[in-house]
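Inspection log for the structure reproduced underneath, given as structure tokens.
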Amino acid sequence: MPEGDAIHRTAERLRVLEGDVVRADSPHPRAALLGIAQRIDGRRLEHVEAVGKNLLLTFEDGTVVRSHLRMHGRWRVEPAGRPILGKPWLVLRGSEWQAVQRHGPVLELGRGRTDRLGPDIMARPPDLNGMVTRFRAADQTRALGEALLDQTLVAGIGNMWKAEALFTAGLKPWVGLRDVDDDRLRLVLLAAARLMQPPRRRGGHLVYRRVGRPCGRCGTTIRSYPQGDDARMAYWCPTCQEGTEPRGA
Ligand SMILES: [Zn+2]
């Protein structure tokens, strides 16, 4: 899953096309049905931005193409004129560069920025107060670890940084929102923001995908258990992180 930081790197590469009038084309039949290429063909690409896990491409008439890459979506930027192989979802040809989007799957047309997304964890500085406000407006019986992946509360945190940020802040993924005060919540979000911003910490993960191995801080065996509706695997150290263990684990 491309996380917020990977999306920001993709946005950075796509910015070589900013200011270009693009020729747009959707060779993939399912993408062609969306009619997106027709809407933007021949228009100037004004602005590329990453918001959470979404790439937003804004064109001169205010049309916004939103691209959410899910598990397998990829954007590739290459010199203009390279032959296009296969059936990409969207091809944007500029004067010197072309961008090719493969494996969709989520492309949408809209106008203006979507405000359903929470504040971006990669913003400098991150809007921690805005995030806390959204967390407090959410159902307080939800588990903190699950809420951190809810893109409407905070945009850009994926499963790996969720695990690492919770370890850093010393809270288990299973702690209920109602048991975390605003200061602790801010601490978790700040940990995520710091871990995700370059320069990155060197060395391996703290808990992510380390199940059954000793915690680097205390030696306790790292645990894992699926969390949330889509059962993403959560990882934690039973000793270094406060809070309840999951029911049934
Ligand atoms: Zn530990």
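The values are calculated or read from the model by the stated rules, or taken from the named source; none is laboratory data. In this text the structure is predicted, and so the values were computed from the model without any measurement. Every residue, glycine as well, gets a Cβ built from its backbone with ideal geometry; the counts of neighbours run over all protein chains shown.
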- Residue check: is Ala234 among the small types (Gly, Ala, Ser) and away from the ligand (no atom under 16 Å from the Cβ)? no
- Note on the structure: (1) in a loop (DSSP other than H, G, I, E, B); (2) away from the ligand (no atom under 14 Å from the Cβ) all hold for Val207 apart from (2)
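Taking the criterion of being of a type outside the set (Lys, Arg), within 16 Å of the ligand (Cβ to nearest atom) and touching a residue at least 40 places away in the same chain (Cβ under 8 Å), would at least one residue in the stretch 146-162 satisfy it?
Step one: of the stretch 146-162, the residues of a type outside the set (Lys, Arg) are 146-161.
Next, from what is left, pick out any that are within 16 Å of the ligand (Cβ to nearest atom): none.
No, the conditions are met nowhere in the stretch 146-162.
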- Message: Tally up the residues in the stretch 66-83 that are touching an Asp or Glu at 6+ places or on another chain (Cβ under 8 Å) and part of a loop (DSSP other than H, G, I, E, B), please.
- Response: 1
- Subset of the stretch 31-65, residues touching a Gly at 6+ places or on another chain (Cβ under 6 Å) and in a strand (DSSP E or B), comes to Val64
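Considering each of Ala147, Ala138 in turn, give the residue that is over 20 Å from His205 (Cα atoms) and either surrounded by 18 or more Cβ atoms within 10 Å (Cβ to Cβ) or of a type in the set (Lys, Arg) (or both).
Working: Ala138 fails: either surrounded by 18 or more Cβ atoms within 10 Å (Cβ to Cβ) or of a type in the set (Lys, Arg) (or both).
Only one candidate passes the filter, namely Ala147.
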- Message: Quick check on my filter: what residues within the stretch 180-211 are buried (at least 19 other Cβ atoms within 10 Å of the Cβ), of a type in the set (A, V, I, L, M) and touching a strand residue (DSSP E or B) at 6+ places or on another chain (Cβ under 8 Å)?
- Response: Val180, Val188, Val207
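From the list Arg23, Arg82, which residue is in contact with a strand residue (DSSP E or B) (Cβ under 9 Å, 6 or more places away or on another chain), in contact (Cβ under 8 Å) with a residue 60 or more places away in the chain, surrounded by fewer than 21 Cβ atoms within 10 Å (Cβ to Cβ) and closer than 12 Å to Ala99 by Cα? Full working, then the answer.
Details: Arg82 fails: in contact (Cβ under 8 Å) with a residue 60 or more places away in the chain.
It is Arg23.
Hey, could you check the stretch 42-70 for residues that are closer than 24 Å to Ala193 by Cβ and surrounded by fewer than 16 Cβ atoms within 10 Å (Cβ to Cβ) and say which is modelled with the lowest pLDDT? Even if it seems obvious, please write down each step before you answer.
Narrowing the stretch 42-70 to residues closer than 24 Å to Ala193 by Cβ: 47-56, 66-70.
Subset that is surrounded by fewer than 16 Cβ atoms within 10 Å (Cβ to Cβ): 47, 70.
Working: His47: 84, Arg70: 65.
Per the criteria, the residue is Arg70.
Taking the stretch 210-249 on its own, how many of its residues are among the aliphatic types (A, V, I, L, M) and outside any loop (DSSP other than H, G, I, E, B)?
Looking only at the stretch 210-249, we keep the residues that are among the aliphatic types (A, V, I, L, M), and these are 211, 222, 231, 233-234, 249.
If we keep only those that are outside any loop (DSSP other than H, G, I, E, B) as well, we get 233-234.
Number of matching residues: 2.
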- Close pairs (7 angstrom Cβ cut-off, 6 or more residues apart or separate chains): farther than 10 Å from Lys172 by Cα in the stretch 226-249, within 16 Å of the ligand (Cβ to nearest atom) and among the aliphatic types (A, V, I, L, M) anywhere: Gln227/Ala234
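What residue, among those in the stretch 212-230 that are under 15 Å from Gly158 (Cβ atoms) and surrounded by fewer than 20 Cβ atoms within 10 Å (Cβ to Cβ), is nearest to the ligand (Cβ to nearest atom)? Walk me through how you get there before you give the answer.
Just the residues of the stretch 212-230 that are under 15 Å from Gly158 (Cβ atoms), to begin with: 227-228, 230.
In the following step, the residues that additionally are surrounded by fewer than 20 Cβ atoms within 10 Å (Cβ to Cβ) were identified as 228, 230.
On the way: Gly228: 23, Asp230: 27 Å.
Restricting to residues being under 15 Å from Gly158 (Cβ atoms) and surrounded by fewer than 20 Cβ atoms within 10 Å (Cβ to Cβ), the top hit is Gly228.
Please tell me if Arg202 is modelled with pLDDT under 95, out of contact with any helix residue (DSSP H, G or I) (no Cβ under 6 Å at 6 or more places or on another chain) and on the phi > 0 side of the Ramachandran plot. Full working, then the answer.
On the way: modelled with pLDDT under 95: yes; out of contact with any helix residue (DSSP H, G or I) (no Cβ under 6 Å at 6 or more places or on another chain): yes; on the phi > 0 side of the Ramachandran plot: no.
Criteria not met by Arg202.
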